[in-house]
Amino acid sequence: MRNFSITLRPHGDELSCQERETVLAALLRNGYRVFYGCTGGGCGVCKMLLASGLVEHGRCSKAVLTDDERSRGYFLSCKATPVADLEIEIREINRLEKLEPVRKISCDSLE
Ligand code: FES
């Protein structure tokens, strides 16, 4: 199975995306929180802008991702899968946050 890299602009964070994994799934798996809705290509809430690279768009409504938007680099992160390494322009509307890793604490001290 092939892995692709996704670089988030302007932060510069880099994460991995597995072959046939959606960009949204890769973000969530790598500990990011991002704004999304239906996860079915129907609402457009997860729309992102590709700075470089190439995605397979998957099935999505032309009402929420027009041909003009596609040609300008927009894609729906819940449906799009990389076919090359990607650079994504993260915008305020994406509300991206990096979650802190879960810390394990010992229960031994709770006696
Ligand atoms: S979350 Fe609705 S189109 Fe992606």
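The values are calculated or read from the model by the stated rules, or taken from the named source; none is laboratory data. The structure presented is a predicted model; accordingly, all values stated were derived computationally and were not measured. Every residue, glycine as well, gets a Cβ built from its backbone with ideal geometry; the counts of neighbours run over all protein chains shown.
Couple of notes before you dig in:
- When restricted to residues that are assigned to a loop (DSSP other than H, G, I, E, B) and either of a type in the set (S, T, N, Q) or without any contact (Cβ under 8 Å) to a residue 24 or more places away in the chain (or both), the range 1-36 contains 5.
- The numbered conditions (1) touching a Phe, Trp or Tyr at 6+ places or on another chain (Cβ under 8 Å); (2) of a type in the set (D, E, K, R); (3) loosely packed, with under 12 Cβ neighbours inside 10 Å are all true for K62 except (1).
- Selection within the range 34-73 - over 20 Å from F4 (Cα atoms) and more than 10 Å from the ligand (Cβ to nearest atom): R59, K62, A63, T66, D67, D68, E69, R70, S71, R72
- Failed item, numbered, when T22 is tested on (1) within 13 Å of the ligand (Cβ to nearest atom); (2) touching a strand residue (DSSP E or B) at 6+ places or on another chain (Cβ under 6 Å); (3) more than 30 Å from R103 (Cα to Cα): (3)
- Filter result for C60 (under 18 Å from R95 (Cβ atoms) and not in a helix (DSSP H, G or I)): no
- Picking from residues in the range 74-99 that are modelled with pLDDT under 95 and either assigned to a strand (DSSP E or B) or buried (at least 22 other Cβ atoms within 10 Å of the Cβ) (or both), the one that is farthest from the ligand (Cβ to nearest atom) is K98.
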